[in-house]
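> The structure is given below, and queries will be raised subsequently.
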Amino acid sequence: MAMKRYKTLILGLLAGGLLAGCEKKVDPFVDRVAAPVLVVIDNAVGDGGGTVAEPVVSQKVSGPVTLGVRIYELDKSGILNNKVGIDSIPVTSLSIKLTKRDGTALGELKTDAKGKASLTKTWAELGIADPKAGLSVSLTWTGAHKGQAFSRLSRVQAVN
């Protein structure tokens, strides 16, 4: 009889835990909205797309720093058809601002026919007068597509 009570108690606790875990919790500090575009950072170590919160681009200390981005709109109309899937469509003529995280403007860019935009700077223009391996600059790419603003973080790091 006691074993049956323990089983009932354990099942009750598990069911209660599962039900409590299914509640949707709202973050009161950050309003999250899905970005209207996919922003892929060119030449990032690993994945420059959406699976890395802050893609890192390695650039030589001895040369110019080239920063590039590709912007795609995702057509999800074929998502349920395994022969079609999600299509990435380049966003053309999109204005993008590149800034350091402290707000310092680095430039305004516009995407080309392939959805690509790039900018070349010196380390000094990025705020590093004497670049050494390991130093980095945190960047923010911002723009708006179809009336919805977006931001993408990245970082450029000096290497030998």
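> Looking only at the range 49-89, count every residue that is under 17 Å from Ser151 (Cα atoms) and free of Cβ contacts under 8 Å to residues at least 60 places away in the same chain and tell me the total.
8
> Return yes when Trp141 is surrounded by 13 or more Cβ atoms within 10 Å (Cβ to Cβ), more than 21 Å from the chain's Cα centre (by Cα) and either aromatic (Phe, Trp, Tyr) or at pLDDT 95 or above (or both) and no when it is not. Explain how you work it out, then say what you get.
Details: surrounded by 13 or more Cβ atoms within 10 Å (Cβ to Cβ): yes; more than 21 Å from the chain's Cα centre (by Cα): no; either aromatic (Phe, Trp, Tyr) or at pLDDT 95 or above (or both): yes.
Considered against the rule, which asks whether it is surrounded by 13 or more Cβ atoms within 10 Å (Cβ to Cβ), more than 21 Å from the chain's Cα centre (by Cα) and either aromatic (Phe, Trp, Tyr) or at pLDDT 95 or above (or both), Trp141 comes out as no.
> Where the second residue is surrounded by 14 or more Cβ atoms within 10 Å (Cβ to Cβ) and basic (Lys, Arg) and the first is free of Cβ contacts under 8 Å to residues at least 60 places away in the same chain and in a strand (DSSP E or B) and lies in the range 107-134, which pairs have Cβ atoms under 6 Å and are six or more apart or on separate chains?
If the second residue must be surrounded by 14 or more Cβ atoms within 10 Å (Cβ to Cβ) and basic (Lys, Arg), the pairs left are Glu108/Lys97.
> Could you list, in sequence order, the residues of the range 95-115 that are closer than 20 Å to Glu54 by Cβ and among the polar types (S, T, N, Q)?
Scanning the range 95-115 gives Thr99, Thr104.
One line per residue, one yes/no per condition, for (1) at pLDDT below 90; (2) among the β-branched types (Val, Ile, Thr); (3) in a loop (DSSP other than H, G, I, E, B):
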| residue | (1), (2), (3) |
| --- | --- |
| Lys4 | yes, no, no |
| Val39 | no, yes, no |
| Gln59 | no, no, no |
| Val69 | no, yes, no |
| Lys83 | yes, no, yes |
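> Restricting attention to the range 96-106, which residues are polar (S, T, N, Q) and either without any contact (Cβ under 8 Å) to a residue 40 or more places away in the chain or in contact with a helix residue (DSSP H, G or I) (Cβ under 6 Å, 6 or more places away or on another chain) (or both)? Give the derivation first.
So in the range 96-106, the residues polar (S, T, N, Q) come out as 99, 104.
Across the range 96-106, the qualifying residue is only Thr104.
> Among the residues of the range 90-111, how many are hydroxyl-bearing (Ser, Thr, Tyr) and open to solvent by less than 70 Å² (accessible area, probe 1.4 Å)? Step through it out loud before you land on a result.
Step one: of the range 90-111, the residues hydroxyl-bearing (Ser, Thr, Tyr) are 92-93, 95, 99, 104, 111.
Retained after the next criterion (residues that are open to solvent by less than 70 Å² (accessible area, probe 1.4 Å)): 95, 99, 104, 111.
Of the residues in that region, 4 qualify.
The values are calculated or read from the model by the stated rules, or taken from the named source; none is laboratory data. Values in this document were obtained by computation on a predicted structure and should not be read as measured data. Neighbour counts run over all protein chains shown; Cβ positions are idealised from the backbone, glycine included. Quick note on the areas: whole protein, heavy atoms, side chains included, nothing else; ligands and nucleic acids left out. Shrake-Rupley method; radii C 1.70, N 1.55, O 1.52, S 1.80 Å.
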